[in-house]
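Student: Sharing a structure here in structure tokens format.
The values are calculated or read from the model by the stated rules, or taken from the named source; none is laboratory data. Given the structure is predicted, the values throughout are model-derived calculations rather than measurements. Note: ideal-geometry Cβ built from the backbone for every residue, glycine included; neighbour counts use all protein chains shown.
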Amino acid sequence: MNPDFSSRKPFPEPRTRLLLGAGLAAALCWSAADMLLVGFAVDPERYPLFSQTLAPLLGDDVDIAVLMLAGSEQRLFWGVLPATFSMVLYLAAAVGAYRLIAAGRAAKACLALLLAGYALSPLGHAGFYYVGMAAKTLAAVPPDAHAPLVALFAAFHKMLAVHWFASVGISAAAWLLVLGLTLGGRTRLPRRAAWCNPIPVGLAVGFACSLFPQSPLAAAIGSATFNLAQAAFYGSALCYAFKRQKAAAT
């Protein structure tokens with residue numbers, strides 16, 4: 001059965017290009033924010049208070065505590081703002097992605113999943129700031145204040161983790177669905193555009209960065225893997241739209 005685009009406006013129409021451009025802008029803002037907020041290559045042994053003294057109290061939270069100590073308060077602060085203030089662009093971009101898909105339940109499911117994933121992401125991102133500030137406070141107080149602050153740190157991390165995993169999981173489900181629809185010829189993009197889908201791009205970026213665990217550059221890029229992958233999708237879709245427009249004009 002041929003994909004149904006009868007309810008869609010002719011592609012590429014200006015509004016769809018604008019929405020895809022919003023997605024590219026949002027992805028770049030979020031990538032920069034990720035790099036500022038958590039893009040560090042850290043040696044835990046530089047922080048013996050956390051990696052040794054407080055390790056029994058922190059448990060599995062040692063790594064994130066040490067990671068957040070590496071950034072200054074100003075860097076953590078500016079690692080949040082570009083993301084939270086550009087979220088509206090990601091929400092608009094979800095509609096742009098929806099317009100690329102043939103009409104039907106799959107398109108509506110993609111839109112719902114993308115909107116849900118994006119809506120949950122600000123707290124999953126900004127939560128790193130509060131975890132970081134709790135870690136910095138923990139490093140500055142006397143030993144008798146450690147226990148209650150470790151409990152506070154753990155509570156902040158739990159709230160962060162719930163929203164982060166929910167956001168990433170729901171968004172990944174949306175992009176997996178888009179990937180399948182692209183390969184099945186049910187989007188306005190060519191099948192080869194599947195290579196620019198955030199799932200394969202994210203896996204490639206993550207694998208490449210894992211080969212250089214001590215590299216500050218790899219740490220910065222790796223911290224922004226999912227948003228860089230979305231930048232690849234929105235950027236490639238936008239380029240294809242302009243290419244189609246140019247071809248139609250000649």
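Student: Please determine whether any residue of region 128-149 is touching a Cys at 6+ places or on another chain (Cβ under 6 Å) and of a type outside the set (Phe, Trp, Tyr). Explain how you work it out, then say what you get.
Tutor: Just the residues of region 128-149 that are touching a Cys at 6+ places or on another chain (Cβ under 6 Å), to begin with: none.
No, there is no match, as no residue in region 128-149 is touching a Cys at 6+ places or on another chain (Cβ under 6 Å) and of a type outside the set (Phe, Trp, Tyr).
Student: Taking region 110-140 on its own, how many of its residues are within 23 Å of Tyr240 (Cβ to Cβ), surrounded by fewer than 23 Cβ atoms within 10 Å (Cβ to Cβ) and in contact (Cβ under 8 Å) with a residue 60 or more places away in the chain?
Tutor: 1
Student: Considering only residues that are surrounded by 14 or more Cβ atoms within 10 Å (Cβ to Cβ) and among the aromatic types (Phe, Trp, Tyr), look in region 206-226 and name the one that is nearest to Ala41 (Cα to Cα).
Tutor: This residue is Phe212.
Student: Could you grab me the full set of residues in region 66-103 that are among the small types (Gly, Ala, Ser) and modelled with pLDDT of 95 or more?
Tutor: The answer is Gly79, Ala83, Ser86, Ala92, Ala93, Ala94, Gly96, Ala97.
Student: Of all residues in region 36-54, count the ones that are touching a Pro at 6+ places or on another chain (Cβ under 9 Å) and either of a type in the set (A, V, I, L, M) or within 30 Å of Pro82 (Cβ to Cβ) (or both).
Tutor: Result for region 36-54: 5.
Student: What number of residues in region 161-178 are farther than 15 Å from Lys108 by Cα and either among the hydrophobic types (A, V, I, L, M, F, W, C) or surrounded by fewer than 16 Cβ atoms within 10 Å (Cβ to Cβ) (or both)?
Tutor: 8
Student: Next up: Quick check: is even one residue across region 38-57 at pLDDT 95 or above, surrounded by fewer than 18 Cβ atoms within 10 Å (Cβ to Cβ) and basic (Lys, Arg)?
Tutor: no
Student: Got a sec? Which helices (runs of 4 or more DSSP H) wholly within region 178-250 have at least 2 residues that are more than 24 Å from Leu18 (Cβ to Cβ) and in contact (Cβ under 8 Å) with a residue 24 or more places away in the chain?
Tutor: The helices (runs of 4 or more DSSP H) meeting that bar are 198-210, 216-223.
Student: Among (1) farther than 28 Å from Pro82 by Cβ; (2) under 17 Å from the mean Cα position of the chain (by Cα), which single condition is Pro143 missing?
Tutor: Checking Pro143 against (1) farther than 28 Å from Pro82 by Cβ; (2) under 17 Å from the mean Cα position of the chain (by Cα), the one that fails is (2).
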